[in-house]
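Q: I have a structure I would like to understand better, so I am pasting it below and will then ask my questions one at a time.
Just so it is clear, none of the values below were taken in a lab; they were calculated from the coordinates. The model shown is predicted, which means the values in this text are computed figures rather than measured ones. Note: ideal-geometry Cβ built from the backbone for every residue, glycine included; neighbour counts use all protein chains shown.
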Amino acid sequence: MSVAIKLRGCGKTWPGGTVALHPLDLDIAAGETLVLLGPSGCGKTTLLRLIAGLELPDAGGQVLFDGEDVTRLPIERRNVGMVFQSYALFPNMDVAGNIGYGLRVRGIPRAEVARRVDEMLEMTRLTEFARRRVDALSGGQRQRVALARAIAPRPRVLLLDEPLSALDARLREELRQEIDALLRSLGITAIYVTHDQAEAMALSDRICAMERGRIAQIGTGRDLYHRPANDFVAGFVGDTNRLGEELVRPEQLALHPSAEGEWTVQRATFLGPFVRVKLRDAAGRELMVDMPDLATPAPGARVEVRRRGPA
Amino acid sequence: MSDRLRAALLIAPALAVFGAFFLIPLGQLAVAGGAGGYTTILTEPRYLRSLGVTLLVAALTTAITLGIATAVGLFLARNRFPGRGTLLALLTLPLAFPGVVVGYLVIMLAGRQGLVSEISMALGGERIVFAYSLAGLLLGYVYFSIPRTLLTVIAAAEKLDPRLEEAARSLGASPLGVLRDVLLPGLSPALTAAGAICFATATGAFGTAFALASRIDVLPMVIYTEFTLQANLAVAAALSFLLGLATWAVLALARGASGGAAG
Amino acid sequence: MGFWTGLGFTLLISAFLILPVLVSVLPGITANQFEGLSSGLTTRWLREVWANYGGTVLLSLQIALSTLVITLLVGVPAAYVLARHAGVTARLVEEALVMPVAVPGIATALGLILAYGAVGDLRASWLFILVGHVVFCLPFMVRAVLAVLLSMDLKGLEEAARACGASWPQRFLGVILPNIAGGMLAGSLMVVTLSLGEFNMTLLLHTPFTRTLPVGLADAYTALRTEMASAYTLIFFVLIVPLLSAMQWAAGRADRVGAVR
């Protein structure tokens, strides 16, 4: 059921002349979860909407599903499932009505719709809310309704546009795990847009980092973290220290108190799981080191810095 | 079907109604006045006098209505008490009373056998009758202008940030200072919008003057008389077109001034 | 302004708006208006008015309902297009569509007579009045529906429906219409109320065979005795006051729903 997606020369220029997306190629394997990661305005949502069929690429661009050219096929005939940032649940329908909508508009017999809706309600643990109005649901419940509505018609591709950004941190973590489990069990091709690098790392098979309408790097989370293609990617997926030509993450360094150490502790900030220590040397260079909250050095202490084991 | 084509098809009926039954008639109206019609209006003093009276009535109506609606609107927006909902319902009930009925209400209030007249007689005084004068006309115009204006003022007053008033008071402003420096400036877009609607409606109002058979020659009455009794089509058309142009311009200007708040 | 001063003034204004209504309808149900209520209540005036003017009431209802149907069919699609398009053209069209409200009815009516007064039998038909009412009422329907469309996430809902596979008719009927029902209701109440009370245009557009309720009222005010005029006014209020109350209720409901969302 899931398809491989190819984009060929897909760019997008808005009527005013703003270039949202420079022409790009992208290959997504069947069953893969690809995360589009980047700051707001980087073109990730535009790219998702091109794949969805909500936007038409500039002339010459092509969207292929399993080799079939779907560029001119509007979203309603593309058989994709989509979860929107605002959820966009239909206020005039209850939970079950929302979930069954995609089946009903396809003309599927009522009994079968009911069966599939029950199945989705159970999968998303919403059975007891089936007849609830959608404006009487919590944020997390709305999110699950949106997800169930998108996958109920068994789409070829699942598209998620910042689906967790409206939720608070705890709920976000919980639902992220649920979505992850769901995507694994469905084996569906999924494209997931986010600006949250932790979400991207946790959910993705591969991450496509985007910057100003271009793809900055595509690879696994480890690739992007340990071998970022440029400073933008390095900075976006975590904090970095620059040691000569080399980028080193703060947690890859360790401190050792030493009277002859070349670094002086400026400030140690307790952040819960670890302490971030800011150092400075005689030349004014700065360095960040993350360490457990054990024997945290006081400001003014002199230390040596060494690399921890190989990355 | 492309989005553009669908949009065009969906809006076509509305544009057809607008074009056929508003634009074309108004065009005919503009032309029917002819050079003669417009010249007559500008040269005959009674038309200019009627224009002056109409604008005066509209301006007075607007001023009185805004004063009443601001006082009542601020009171209702800032106080919660039992019966407030009922009061609001009573105050906005005449929202769409036709002018002709309002004219009758004025007659029954201030006419020869009206309430005011009976009371003044009963008190041993003279029979007070003012329905057919400028005061009666104003009474009617203010009557049908209050509900709509009030709704606009209340909506705007409830949107005012109460912290602004608290800030002004914390800085030592007197109640009058708060009204002058915080409340009225905050309400001014809504007051401009409501005032413009009030003014335009009063300029074009016809039913009340008709029912009162008033001695006041407001422009719509003159148009009606010229058309039906004198069969003076050119003058009636020219007056109508200018009246329409004027009310539309007042509303358009106010909408520009109030940043789109005017309806 | 103290609370009591404010309340006193507000009560005074309420009395100014409501008292004339009561004073005006009372003679219509009083046996002898000079003796007052002590002379007893009667339906005599109401029956006499109905016998002479019942036709105006029915014609007004017929015109109001026809106006409603047309403004719904024409206005709702127009509001949808205006809500979906942000460009300059759409704003100009919107400005044009609401223009008939800004122009006095007597001017529009005169224009209609000049343009179509000589076309076939139109001038003698009730349809001529209907045309005027549709022109005047359409902006109110468009605005009421447009306000609701702009307050909801129209684009998002429509994209969500498309993502579920819904064609345009499916999403218009299944998603958009049910969610703008409140605006359509508010617009409908406004349109019927305005049409029932429309006088400024209708006085010029009517003929002796197409007299509406307000035209009949104007006639009664100049020609009939007070009891009859009052009874006739009472009949009008019986029609219009429930509509106005329903309008207040619908507006209150819209506020509450808006606050929840």
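Q: So what's the gap between the Cα centers of segment A:275-293 and segment B:168-226, to the nearest angstrom?
A: 69 Å
Q: On to the next question. Restricting the count to DSSP beta bridges whose residues both fall in the protein assembly as shown, what percent are antiparallel, rounded to a multiple of 5? Display every interim value, and only then the final one.
A: On the way: 42 of 60 bridges.
Bridges in the protein assembly as shown are about 70 percent antiparallel.
Q: May I ask for log10 I(q)/I(0) of segment A:242-307 at q = 0.12, 0.27 Å⁻¹, from a Debye sum over the Cα atoms as equal point scatterers with solvent left out?
A: Ignoring solvent entirely, the Cα scatterers give -0.26, -1.31.
Q: What residue among A:151, A:188, A:53 has its Cα farthest toward the positive end of the dipole of segment A:42-193, where the charges are +1 on Lys, Arg and -1 on Asp, Glu, each on the Cβ?
A: In segment A:42-193, that residue is A:151.
Q: How would you classify segment C:31-79 from its alpha-carbon gyration tensor, with a ≥ b ≥ c the square roots of the eigenvalues: rounded for a/c under 1.5, else prolate if a/b is greater than b/c, otherwise oblate?
A: Numbers: a/c = 6.98, a/b = 3.16, b/c = 2.21.
Prolate shape, in that a/c is at least 1.5 and a/b is the bigger ratio.
Q: Once the mean 1/r over all distinct Cα pairs of segment A:7-144 is inverted, what Kirkwood radius in angstroms do you read off?
A: Taking every pair of different Cα atoms in segment A:7-144, averaging 1/r and inverting gives 17.3 Å.
Q: Would you look at the GNM of chain C, springs on alpha carbons closer than 10 Å, and say which of C:123, C:171, C:211 moves the most?
A: Maximum among the listed residues: C:171.
Q: To continue, here is another question. What FRET efficiency comes out for the pair residue C:43/residue B:253, r = Cβ-Cβ distance, R0 = 56 Å, nearest 0.05?
A: Details: r = 51 Å, r/R0 = 0.92.
For residue C:43 and residue B:253, the calculated efficiency is 0.65.
Q: Could you tell me whether segment B:119-229 comes out rounded, prolate or oblate from its Cα gyration tensor? Rule is a ≥ b ≥ c as square roots of the eigenvalues, rounded for a/c under 1.5, then prolate if a/b exceeds b/c, otherwise oblate.
A: Values: a/c = 4.01, a/b = 1.84, b/c = 2.18.
Oblate is the answer for segment B:119-229, as a/c is 1.5 or above yet b/c matches or exceeds a/b.
Q: For chain B, set up a GNM with springs between Cα atoms under 10 Å and report which of B:186, B:177, B:207 has the largest fluctuation.
A: Result: B:177 has the largest fluctuation of those listed.
Q: Which one of C:41, C:58, C:78 is farthest out on the positive end of the charge dipole of chain C, using unit charges on Cβ (Lys, Arg +1; Asp, Glu -1) and the Cα centre as origin?
A: Among C:41, C:58, C:78, the one farthest towards the positive end of the dipole of chain C is C:78.
Q: Still on this structure, I have one more. With +1 assigned to the C-beta of every Lys and Arg and -1 to the C-beta of every Asp and Glu, and no other charges, what is the dipole magnitude of segment A:5-235 about the Cα centre in debye, to the nearest 20? Intermediate values should be presented prior to the final figure.
A: Numbers: 31 positive and 29 negative charges, 115 e Å.
That gives segment A:5-235 a dipole magnitude of about 560 debye.
Q: Using +1 on the beta carbon of Lys and Arg, -1 on that of Asp and Glu, and nothing else charged, what's the dipole of segment A:231-298 about the Cα centre, debye to 20?
A: Values: 7 positive and 11 negative charges, 47 e Å.
Dipole magnitude for segment A:231-298 comes out near 220 debye.
Q: When N is the residue count of segment C:1-103, what does its C-alpha Rg come to as a fraction of 2.2 N^0.38 Å?
A: Numbers: Rg = 23.5 Å, N = 103, 2.2 N^0.38 = 12.8 Å.
Ratio of Rg to 2.2 N^0.38 Å for segment C:1-103: 1.84.
Q: How are the Cα pair distances of segment B:86-152 distributed, in percent, across 10 Å bins from 0?
A: Answer for segment B:86-152: a P(r) of 22, 41, 28, 9, 0 percent.
Q: With +1 assigned to the C-beta of every Lys and Arg and -1 to the C-beta of every Asp and Glu, and no other charges, what is the dipole magnitude of chain C about the Cα centre in debye, to the nearest 20?
A: Details: 14 positive and 12 negative charges, 85 e Å.
That gives a dipole near 400 debye.
Q: For segment A:5-235, what D do you get in µm² per second when you plug the Kirkwood radius from alpha-carbon pairs into Stokes-Einstein at 20 °C and 1.002 mPa s? Write down the numbers at each step before the final one.
A: Numbers: Rh = 18.2 Å.
Result for D is 117 µm²/s.
Q: Still on this structure: Arrange B:68, C:18 by Cβ neighbour counts within 10 Å, fewest through most, would you?
A: Working: B:68 21, C:18 14.
Ranked by crowding around the Cβ, least crowded first: C:18, B:68.
Q: Counting C-alpha atoms alone, how compact is segment A:178-240: give Rg to one decimal and Dmax as a whole number, in angstrom.
A: Taking only Cα atoms of segment A:178-240, I get Rg and Dmax of 12.1, 36 Å.
Q: Let me ask another. Once every DSSP H run of n ≥ 4 in the protein assembly as shown is given -39500 (n - 2.57) and the sum is divided by its residues, what mean residue ellipticity at 222 nm do you get, rounded to the nearest 500 deg cm²/dmol?
A: Numbers: 34 runs with 479 residues, N = 835.
Taken over the protein assembly as shown, the calculation gives -18500 deg cm²/dmol.
Q: For chain B, what number results from the quotient of the Cα radius of gyration and 2.2 N^0.38 Å?
A: So the Cα radius of gyration is 1.22 times the expected 2.2 N^0.38 Å.
Q: Run the quick spin-label model on residue B:43 and residue A:165: label points 7 Å from Cα toward the beta carbon, then report their separation in nm to one decimal.
A: So the label points at residue B:43 and residue A:165 sit 7.1 nm apart.
Q: Over the whole of C:152-162, what's the average partner chain Cβ count within 10 Å per residue? Rounded to a whole number, please. Intermediate values should be presented prior to the final figure.
A: Numbers: counts 1, 6, 0, 3, 6, 7, 1, 9, 14, 7, 11.
Across the residues of C:152-162, the mean count of other-chain Cβ atoms within 10 Å is 6.
Q: Using only the Cα atoms of segment C:43-260, each taken as one equal point scatterer with no solvent, compute I(q) by the Debye sum, divide by I(0), and report log10 of the ratio at q = 0.12, 0.14 Å⁻¹.
A: Once normalised to I(0) and log-transformed, intensities are -0.73, -0.92.
Q: Which is farthest toward the positive dipole end of segment B:33-257 among B:89, B:142, B:212, measuring Cα position about the Cα centre, with Cβ charges +1 (Lys, Arg) and -1 (Asp, Glu)?
A: The residue sitting farthest along the positive end of the dipole is B:89.
Q: Take the Cα pairs of the protein assembly as shown, get the Kirkwood Rh, then feed it into Stokes-Einstein at 20 °C and 1.002 mPa s and tell me D in µm²/s.
A: On the way: Rh = 32.0 Å.
Here the translational diffusion coefficient equals 67 µm²/s.
Q: Right, another one. Subtract the Cα-Cα distance of residue B:59 and residue B:171 from 0.36 nm times their separation in residues, and report this length gain in nm to one decimal.
A: Values: separation 112, 0.36 × 112 = 40.32 nm, distance 3.66 nm.
Working it through step by step, the gained length comes to 36.7 nm.
Q: First measure r as the distance between the Cβ atoms of residue C:150 and residue A:262, then evaluate 1/(1 + (r/R0)^6) with R0 = 51 Å and state the FRET efficiency to the nearest 0.05. Don't skip to the answer; put the middle values down first.
A: Details: r = 63 Å, r/R0 = 1.24.
Between residue C:150 and residue A:262 the formula returns 0.20.
Q: With 10 angstrom as the radius, rank B:141, A:87, A:225 by how many other C-beta atoms surround their C-beta, starting from the fewest. Could the numbers behind the result be given before it?
A: On the way: B:141 27, A:87 22, A:225 19.
Fewest-to-most ranking of B:141, A:87, A:225: A:225, A:87, B:141.
Q: To continue, here is another question. In what sequence do A:291, C:247, A:210, C:201 fall when counting other Cβ within 10 Å, fewest first? It would help to have the intermediate numbers written out before the result.
A: Details: A:291 18, C:247 21, A:210 28, C:201 24.
The most exposed by this proxy come first: A:291, C:247, C:201, A:210.
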